[in-house]
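The values are calculated or read from the model by the stated rules, or taken from the named source; none is laboratory data. Owing to the predicted nature of the structure, the values given are computational and were not obtained by experimental measurement. Using ideal geometry, Cβ is built from the backbone for each residue, glycine included, and neighbour counts are taken over all protein chains shown.
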Amino acid sequence: MEDPQARTTERTGGPGESPEEGDMELYDLRVVVDRIEGRSVCGMAVGDRFELERSAHLRLPDGKHFCVYALAAVLPFLAAKQRDLSAGDWLARDCLFACPDPEERLVMRVERTRRRRMDSAELT
């Protein structure tokens, strides 16, 4: 079953990947600050984001930062969000994650942006 959060399911090429090659498929992800319900103590704002591409490539927009504590809160879930999940899995339905800072109450949204065919032998 295709994930409704995925914006595109096109197979893209890149080092070690092509539409014809590879033995697995992973989603690229975008993690976006959805809202801040308290005060921003780490200097982040709604809309700040990072991208996780090609399994493990983390990218930030030029000149931007992402709070390490917010990153630590969402990081354990990213590997699962990169994979197809069964329809009954709670992680297939939920996409919001919270930073642990009680003063800030920063909420992040994880979006699937692209599906890639990759060769698992080239990944660690």
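Observations on the model:
- Those residues of the range 38-96 which are closer than 21 Å to residue 107 by Cβ, in a loop (DSSP other than H, G, I, E, B) and within 11 Å of the chain's Cα centre (by Cα), in sequence order: 82, 95
- Matching residues, the range 85-98, being at pLDDT 95 or above and either buried (at least 16 other Cβ atoms within 10 Å of the Cβ) or among the basic types (Lys, Arg) (or both): 95, 97, 98
- Residue 83 vs. criteria more than 18 Å from residue 34 (Cβ to Cβ) and of a type in the set (D, E, K, R): yes
- Residue-level check: of (1) surrounded by fewer than 16 Cβ atoms within 10 Å (Cβ to Cβ); (2) in contact with a Ser or Thr (Cβ under 9 Å, 6 or more places away or on another chain); (3) of a type in the set (S, T, N, Q), residue 82 misses just (1).
- Of all residues in the range 104-124, those satisfying the criterion of being in a helix (DSSP H, G or I) and not polar (S, T, N, Q) are 121, 122.
- Flag: residue 40 does not match the condition of being surrounded by 13 or more Cβ atoms within 10 Å (Cβ to Cβ), of a type in the set (Ser, Thr, Tyr) and more than 17 Å from residue 102 (Cα to Cα).
Listed here are the residues, each with its yes/no results for (1) acidic (Asp, Glu); (2) within 20 Å of residue 53 (Cβ to Cβ).
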position: 69; (1), (2): no, no
position: 81; (1), (2): no, yes
position: 85; (1), (2): no, yes
position: 89; (1), (2): yes, no
position: 98; (1), (2): no, no
position: 103; (1), (2): yes, no
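- The range 6-60 - residue that is among the polar types (S, T, N, Q) and modelled with pLDDT of 80 or more and, of those, farthest from residue 70 (Cα to Cα): 55
- For the range 87-121, the set of residues classified as within 15 Å of residue 36 (Cα to Cα) and touching a Gly at 6+ places or on another chain (Cβ under 9 Å) consists of 101, 102, 103, 104, 105, 106, listed by residue number.
Conditions tested, residue by residue: (1) touching a residue at least 12 places away in the same chain (Cβ under 8 Å); (2) crowded, with 16+ Cβ neighbours inside 10 Å; (3) under 19 Å from residue 123 (Cβ atoms).
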site	(1), (2), (3)
21	yes, no, yes
53	yes, yes, yes
58	no, no, yes
101	yes, yes, no
